[in-house]
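To start, the structure itself, in structure tokens.
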2 protein chains.
Amino acid sequence: MVAAVGSGLVKRTLIIGAAGMIGRKLTERLARDGGWGELILNDVVPPTAPPGAKAVVSDISGIGEAEKLLENRPDVIFHLAAIVSGEAEANFEKGYRINMAGTWQLFEAIRRIGDGYRPRLVFTSSIAVFGAPFPDAIADEFLSAPLTSYGTQKAVGELLLSDYSRRGFFDGVGIRLPTICVRPGKPNLAASGFFSGIIREPLAGQEARLPVPKSVRHWHASPRAAIGFLLHAATLDTAKLGTRRNLSMPGVSVTVGEQIEALRRIAGEGAVKRIREEPDATVQKIVEGWPRNFDPQRALQLGFKADSSFDEIIRIHIEDELGGRYSG
Amino acid sequence: MVAAVGSGLVKRTLIIGAAGMIGRKLTERLARDGGWGELILNDVVPPTAPPGAKAVVSDISGIGEAEKLLENRPDVIFHLAAIVSGEAEANFEKGYRINMAGTWQLFEAIRRIGDGYRPRLVFTSSIAVFGAPFPDAIADEFLSAPLTSYGTQKAVGELLLSDYSRRGFFDGVGIRLPTICVRPGKPNLAASGFFSGIIREPLAGQEARLPVPKSVRHWHASPRAAIGFLLHAATLDTAKLGTRRNLSMPGVSVTVGEQIEALRRIAGEGAVKRIREEPDATVQKIVEGWPRNFDPQRALQLGFKADSSFDEIIRIHIEDELGGRYSG
């Protein structure tokens, strides 16, 4: 257990993938809370560093790069870096090089330090490690049979994390994040983008496209909940985890129709009217292969906390991203 | 489907790991059956090559070695090569280099040929991809949570095999072999060695040590059944597999006590009296973490055939290894 957080015993915390959306929010939170020692922020593009933090621009899949990040032996390591799903599918070699080989190289660099060095390592995995056909709710003993290269690479990372932890090279926790909703920022090209878009754009007074039927069910967590998962994974007593160190995080399972009803309750009919149904067979086919619901008993027992409802997920977006203001 | 076997359309078959016990038996069988084209036999030690076969001594984890084996584009590849469980646990780096990186390098070498090359690839995985706690019988959707580095490396191989097959780089089938019993040859240092030893040694008039209680249950297949699995995996219609290309093979689940009763039925009391109970806490602890029984519905539906009983497993040993002669 990293009970040392807040006690001054954590001298250094490393975030790999610090320039991404989750990385930025995690950095802000650790800097605000304090107790995490010096923050070392790594990414392939310059991350925003709060005062006192150190930014390092490098690619951990490069030879010797992981070693440099570990020079001062961070006590806690958040490994969030990854080529995203769509890019890993489009660029097979790059996905394997960064997501799989890069993760292995990082784990190897930690192992080779030896000398009793055994940091807490939090790895963001994904529900993409699961592939259809699914049961109605995916329980903790369901197999990883990914249907994408990204999911495969994350599943390999999970296996390595368990074995390297079992061997005592680090103290790892892998967390499978639900789809993050509402993702702040501009619409992106991810197939899952519409889950956030149909909330974010109407609240900003913009039109949003809905490419799938309202009956589509999916698994969500707010950015705030995701940061909560990361902090809990970094501080929980891993003796309670046993040898199975990868956990499906709790979330909110809703249909697109239920998402829209929540938007109507919070922002009214005007917001809902900005959603334009534009069926897209390609997106529908991709989404059919995605998990709809989970039964994440272990994570709940270990104290990971989901958002209470999709209404809360929308309110968190309004509070954290919009300063309380939105277009009704 | 490699329906081409026997039709003259298979020009070349490559066996990687041909000098091992399974590799030798597979080589003999393919040479005897015919229809597999030129046999290319690879191992780190010289494999025994029947007339017309080509032996290549090399380590596939070496740079460029996998490429050399693929020069003449074998239509069927059996990838049996691995550092065994005990050695992979004792020598962490070697296990990962050969079992994980070596397998990935082989898969990459196949992918990089491109040009429509898409061989059938049969990969021997292991029930070591599963780790306790288990249900009474492990079904096809149970998670891979290995408790050894060997099991981890095999589980990674399975994930890669599925993804590379999905992407069309080869047509892969991964088969999780039960513990092979009765293993011919001298006793070895594997923790599982006694499962074979308590049958093999008494039949040869030798004493055998039993380090675990008779209540220990385990999952077995004869060498003859294992060769049957490999041939079936090489020729089945993979369209029936869908995207989940790794299968737990059928087997025989018996307790050590039931093994001994089968020995008594076949070879009599004299053979049984050569088994000496010598409890070994270390072996007992290792064996506790092993699967006891499976419910391999998919493999059975796809036509993989197990031995009918442990009695049959003993009779196969007497027929195939002892020329019908044994000490009663």
**Message:** Need one word for segment B:270-325: rounded, prolate or oblate. Basis is the Cα gyration tensor (sqrt eigenvalues a ≥ b ≥ c); a/c below 1.5 gives rounded, then a/b vs b/c decides.
**Reply:** oblate
**Prompt:** Peptides A:299-308, B:150-159: what's the order by average Cβ count within 10 Å, highest mean first?
**Reply:** B:150-159, A:299-308
**Complete:** With one decimal in nm and the nearest listed first, the spacings from A:Lys285 to its own position in the other copies, using label points 7 Å along Cα-to-Cβ, are 5.3
**Message:** Can you show me the helix-derived [θ] at 222 nm for chain B, built from DSSP H runs with n ≥ 4 at -39,500 (n - 2.57) apiece and divided by the number of residues, rounded to the nearest 500.
**Reply:** -11000 deg cm²/dmol
**Complete:** Evaluated at 10 °C and 1.306 mPa s, the Stokes-Einstein D of chain A based on the Kirkwood radius over Cα pairs, in µm²/s, stands at 78
**Asked** Averaged across the residues of B:133-143, what count of C-beta atoms belonging to other chains lies within 10 Å of each residue's C-beta?
**Response** 3
**Message:** For the pairs A:Lys154/B:Lys240; A:Lys154/A:Lys240; A:Lys94/B:Lys54; A:Lys154/B:Lys94; A:Lys54/A:Lys186; B:Lys68/B:Lys154, flag any whose C-alpha to C-alpha distance is greater than 29 Å.
**Reply:** A:Lys94/B:Lys54
**Request:** In nm to one decimal, list the spacings between the B:Arg29 label point and its equivalents in the other copies, with label points set 7 Å along Cα to Cβ, shortest first.
**Result:** 5.4
**Request:** Per residue of B:255-267, count partner chain C-beta atoms within 10 Å of its C-beta, then hand back the mean as an integer.
**Result:** 0
**Request:** Give me the angle, in degrees from 0 to 90, between the Cα long axis of helix A:310-321 and the longest principal axis of the Cα atoms of chain A, rounded to the nearest 10.
**Result:** 70
**Request:** First obtain the Kirkwood hydrodynamic radius of segment A:164-216 from its Cα pairs, then insert it into the Stokes-Einstein equation at 10 °C and 1.306 mPa s, and state the resulting D in µm² per second as a whole number.
**Result:** 117
**Prompt:** Could you put A:Tyr117, A:Tyr164 in order, starting from the residue whose Cβ has the fewest other Cβ atoms within 10 Å?
**Reply:** A:Tyr117, A:Tyr164
**Prompt:** Which residues in segment A:197-234 place their backbone N less than 11 Å from a point set 7 Å from the Cα of A:Ala132 along the Cα-to-Cβ direction?
**Reply:** A:217
**Item:** Inter-copy separations for A:Lys186, label at 7 Å along Cα-Cβ, nm, ascending
**Value:** 6.9
**Request:** With N denoting the number of residues in segment B:125-258, provide Rg(C-alpha) divided by 2.2 N^0.38 Å, to two decimal places.
**Result:** 1.17
**Message:** Taking 10 °C and 1.306 mPa s as the conditions, I'd like the Stokes-Einstein D for segment B:222-328 in µm²/s, using the Kirkwood hydrodynamic radius from alpha carbon pairs.
**Reply:** 98
**Fill in**
Check: C-alpha center segment A:256-328 vs C-alpha center segment A:93-110, spacing in Å is 32
**Prompt:** Relative to the longest principal Cα axis of chain A, at what angle does helix A:149-166 sit, 0 to 90 degrees, rounded to 10?
**Reply:** 40
**Request:** With the cut-off at 20 Å, report for segment A:27-178 the share of all Cα pairs above it, as a whole percent.
**Result:** 52
**Request:** Sort A:Val57, A:Val182 so the one with the fewest other Cβ atoms within 10 Å of its own Cβ comes first.
**Result:** A:Val57, A:Val182
**Complete:** segment A:1-114 -> Rg/Rh from Cα coords, Kirkwood Rh, value 0.98
**Message:** How long are the semi-axes of the equivalent ellipsoid of the protein assembly as shown, taking √(5λ) for every eigenvalue λ of the Cα gyration tensor, in whole Å from largest down?
**Reply:** 48, 27, 24
**Asked** How far apart, in nm, are two points set 7 Å out from the Cα along the Cα-to-Cβ line at A:Arg325 and at B:Glu67?
**Response** 6.1
**Request:** Take the Cα atoms of segment A:44-108, find their three principal axes, and give me the spread along each one in whole Å, biggest first.
**Result:** 38, 26, 18
**Item:** Percent breakdown of C-alpha pair distances by 10 Å bin, ordered from the shortest bin, for segment B:207-258
**Value:** 19, 36, 26, 15, 4
**Rounded to 10°, Cα long-axis angle of helix A:102-113 versus longest principal axis of chain A** = 30
**Prompt:** About its Cα centre, how strong a charge dipole does segment A:232-294 have in debye, to the nearest 20, once Lys and Arg get +1 and Asp and Glu get -1 at the Cβ?
**Reply:** 220
**Request:** Using a 10 Å cut-off on Cβ to Cβ distances, tally the other chain neighbours for every residue of B:92-99 and report the average as a whole number.
**Result:** 2
**Message:** Contact order normalised by length for segment A:121-164, with contacts defined as Cα pairs under 8 Å and 6 or more residues apart; what percent is it?
**Reply:** 43
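Each reported figure results from applying straightforward, stated rules to the coordinates on display, with no laboratory input. Worth saying up front: this structure is predicted, and the values here are computed from it rather than measured. Because the Cβ atoms are built from the backbone with ideal geometry, glycine has one as well, and the counts that use them run over all protein chains shown.
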